[in-house]
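K.L.:
Please find one structure pasted underneath; my questions will follow.
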Amino acid sequence: MTERKPPGVSFETFVDRQIREAADRGDFDGLPGWGKPLAAIDAPYDELWWVKQKLHREGFSPLPPSLALRKEAEDALAAARGARTERQVRAVLTEVNEKIRTALRRPPQGPPLLLTEFDVEAVVAEWRAALAQRIARE
């Protein structure tokens, strides 16, 4: 805990001394973000920047659940197409298919879901064909 400012010492001098002593002790060494540029330093000022960061850290989505699942399905298909192994393709699609299956049984709030489960075998066949083309080009 910090000590109280002694009477007769200016506030600025008191604070400067505490900062210098903390730096000498190494209290500022290895802080997260040390040596990295400040994020969005050139971005226009946003009064709610801290709210947006908190929501992002906590994993909240500004989208309704049905749209968030559509976005997740889109991302999963892209991840499956870019996977390194067939096992990864199947794992990604199986996980998102389970979420889609659950959402179809009990539709989430928001706009209509408009999703069906991915045909894992068809996506795997596409992945194999793309892999064969990449190998042929090399």
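K.L.:
Pull out all pairs, ordered by first then second residue, where Cβ-Cβ is under 7 Å, the residues are six or more apart or on different chains, the first lies in the range 58-71 and is more than 11 Å from residue 107 (Cβ to Cβ), and the second is assigned to a helix (DSSP H, G or I).
P.N.:
Sorted first by the residue in the range 58-71, then by its partner, the pairs are 61/68; 63/71.
K.L.:
Anything in the range 94-111 that is open to solvent by 60 Å² or more (accessible area, probe 1.4 Å) and in a helix (DSSP H, G or I)? List them, or say none. Walk me through how you get there before you give the answer.
P.N.:
So the first thing to find is which residues in the range 94-111 are open to solvent by 60 Å² or more (accessible area, probe 1.4 Å), and the list is 94-95, 98-99, 101-102, 104-107, 109.
Passing the criteria: 94, 95, 98, 99, 101, 102, 104, 105.
K.L.:
In the range 50-93, how many residues are part of a helix (DSSP H, G or I) and under 24 Å from residue 134 (Cβ atoms)? Write out each step before concluding.
P.N.:
First, the residues of the range 50-93 that are part of a helix (DSSP H, G or I): 50-58, 65-81, 86-93.
If we keep only those that are under 24 Å from residue 134 (Cβ atoms) too, we end up with 74-81, 86-93.
Of the residues in the range 50-93, 16 are part of a helix (DSSP H, G or I) and under 24 Å from residue 134 (Cβ atoms).
K.L.:
Continuing with the same structure: From the residues in the range 1-23 that are part of a loop (DSSP other than H, G, I, E, B) and exposed (fewer than 10 other Cβ atoms within 10 Å of the Cβ), which one is modelled with the lowest pLDDT?
P.N.:
Taking the range 1-23 as the starting set, the residues that turn out to be part of a loop (DSSP other than H, G, I, E, B) are 1-10.
Next, from what is left, pick out any that are exposed (fewer than 10 other Cβ atoms within 10 Å of the Cβ): 1-4, 6-8, 10.
Numbers: 1: 47, 2: 57, 3: 71, 4: 76, 6: 74, 7: 79, 8: 75, 10: 72.
Ranking the candidates gives 1 first.
K.L.:
What residue, among those in the range 112-131 that are among the hydrophobic types (A, V, I, L, M, F, W, C) and part of a loop (DSSP other than H, G, I, E, B), is nearest to residue 62 (Cα to Cα)? Steps first, answer last, please.
P.N.:
Just the residues of the range 112-131 that are among the hydrophobic types (A, V, I, L, M, F, W, C), to begin with: 113-115, 118, 120, 122-125, 127, 129-131.
In the following step, the residues that additionally are part of a loop (DSSP other than H, G, I, E, B) were identified as 113-115, 118.
Numbers: 113: 16, 114: 19, 115: 20, 118: 25 Å.
Only one residue fits best here, namely 113.
The values are calculated or read from the model by the stated rules, or taken from the named source; none is laboratory data. Here the structure is a predicted model, which is why all the values come from computation and not from measurement. For neighbour counting, all protein chains shown are included, and Cβ atoms are generated from backbone atoms with ideal geometry for every residue, glycine included. These area figures cover heavy atoms from the full protein model, side chains too; ligands, DNA and RNA do not enter into them. Shrake-Rupley method; radii C 1.70, N 1.55, O 1.52, S 1.80 Å.
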